[in-house]
Amino acid sequence: DGTITFDEVSYGYGNSVVFDHFHLKVPGGRKVGLVGHSGAGKTSLTALLLRQYDVKDGTIVIDGQDISETTQVSIRRQIAIVPQDTSLFHRTIRENIRYGNLDATDADVENAAKQAQAHGFITTLPKGYDTMVGERGIKLSGGQRQRVAIARAILKNAPILVLDEATSALDSESETEIQKALAELMKGKTVLAIAHRLSTLRMMDRIIVLDKGKIAEDGTHDELIEKKGIYARLWESQVKGFIQE
């Protein structure tokens, strides 16, 4: 069901310690946001989950299986990722979406695009789904690339979803569209969502605030605002902006 447990995980590189006996359990189907200043360990946590690196001590367990004893391919088959900087292939939009599931039919691809709020802009393009996107998707805007990435993740339909700053580079109008798409994508999934733009975390069941590789705060958005700690300060700085009276 996608239950993830970081059990007494220690990890670092060189003389730098990122995690020291870190513990976090995410029950299957729960949506957890990860917040913290740069260097707090958010991206390292997801990299360890994907086995881009191996832990030095402790275990990461998915549904009772220690991921160090499984193949990287089998782990990544169970995890869909929507990254901050979406890289698309110099192929058609249809092929880029189908990369999530190579056995998908054209109807499956278009249905995923509709759920990702992407079908509308795709159908306005001269060649529709057969439009070539250019190197790294250069012919599409940032918001359009993100919606193609979300459609790909919807088509993959993996039980675990990692969102890595999925809306950070978008304008407000694009973010609203992508919020709708993400809500569709997250249904029934175990979600780990990294965000600096905290508005994207309002729909999370729980928010974890990381500080120097440790859990500094843990709760819902409203609970963390009440605590008046790190999260509340981050939220206040984003709501008020940088211009002081």
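Considering only residues in the stretch 157-166 that are of a type outside the set (Val, Ile, Thr), open to solvent by less than 20 Å² (accessible area, probe 1.4 Å) and not in a loop (DSSP other than H, G, I, E, B), the one that is farthest from residue 25 (Cα to Cα) turns out to be 163. Pairing residues of the stretch 62-83 that are among the polar types (S, T, N, Q) with residues that are loosely packed, with under 11 Cβ neighbours inside 10 Å, at Cβ distances under 9 Å and at least 6 apart in sequence or on separate chains, gives 68/54.
Looking across the stretch 132-141, the residues that are on the phi < 0 side of the Ramachandran plot and open to solvent by 30 Å² or more (accessible area, probe 1.4 Å) come down to 132, 135, 138, 139, 141.
Restricting attention to the stretch 43-63, the residues that are small (Gly, Ala, Ser) and open to solvent by less than 10 Å² (accessible area, probe 1.4 Å) total 1.
Sort out which residues of the stretch 13-42 are crowded, with 16+ Cβ neighbours inside 10 Å and more than 15 Å from residue 215 (Cβ to Cβ), and write them in order of number. First the steps, then the outcome.
Kept after step one, since they are crowded, with 16+ Cβ neighbours inside 10 Å, are these residues of the stretch 13-42: 18-20, 22, 24, 26, 29-36, 40-42.
Once the filter is applied, which keeps residues that are crowded, with 16+ Cβ neighbours inside 10 Å and more than 15 Å from residue 215 (Cβ to Cβ), the stretch 13-42 yields 29, 30, 31.
Scan the stretch 82-106 residue by residue and report those that are among the aliphatic types (A, V, I, L, M) and open to solvent by 70 Å² or more (accessible area, probe 1.4 Å). Let's see the steps before the verdict.
Filtering the stretch 82-106 down to residues among the aliphatic types (A, V, I, L, M) leaves 82, 88, 93, 97, 102, 104.
Within the stretch 82-106, just 102 meets the criteria.
Yes/no matrix, rows are residues, columns are (1) exposed (fewer than 15 other Cβ atoms within 10 Å of the Cβ); (2) over 30 Å from residue 3 (Cβ atoms); (3) hydrophobic (A, V, I, L, M, F, W, C); (4) at pLDDT 95 or above:
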{"position": "112", "(1), (2), (3), (4)": "no, no, yes, no"}
{"position": "120", "(1), (2), (3), (4)": "yes, yes, no, no"}
{"position": "126", "(1), (2), (3), (4)": "yes, yes, no, no"}
{"position": "130", "(1), (2), (3), (4)": "yes, yes, no, yes"}
{"position": "150", "(1), (2), (3), (4)": "no, no, yes, no"}
{"position": "155", "(1), (2), (3), (4)": "no, no, yes, no"}
{"position": "171", "(1), (2), (3), (4)": "yes, yes, no, no"}
{"position": "178", "(1), (2), (3), (4)": "no, no, yes, no"}
{"position": "194", "(1), (2), (3), (4)": "no, no, yes, no"}
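The set of residues from the stretch 196-216 being in a strand (DSSP E or B) and crowded, with 18+ Cβ neighbours inside 10 Å comprises 207, 208, 209, 210. The set of residues in the stretch 26-47 that are in contact (Cβ under 8 Å) with a residue 24 or more places away in the chain and under 14 Å from the mean Cα position of the chain (by Cα) comprises 30, 31, 32, 33, 34, 35, 42, 43, 44, 45, 46.
Residue pairs whose Cβ atoms lie under 7 Å apart, separated by 6 or more positions or on different chains, with the first residue in the stretch 120-146 and over 14 Å from residue 97 (Cα atoms) and the second in a loop (DSSP other than H, G, I, E, B) and open to solvent by 20 Å² or more (accessible area, probe 1.4 Å), are 125/131; 134/90; 135/90; 142/169.
The values are calculated or read from the model by the stated rules, or taken from the named source; none is laboratory data. What you see is a predicted model, and the numbers here were worked out from it, not measured in a lab. Note that we place each Cβ from the backbone using ideal geometry, even for glycine, and neighbour counts take in every protein chain shown. The protein model used for the area step is the full one, side chains on, heavy atoms only, and it has no ligands, DNA or RNA in it. Shrake-Rupley method; radii C 1.70, N 1.55, O 1.52, S 1.80 Å.
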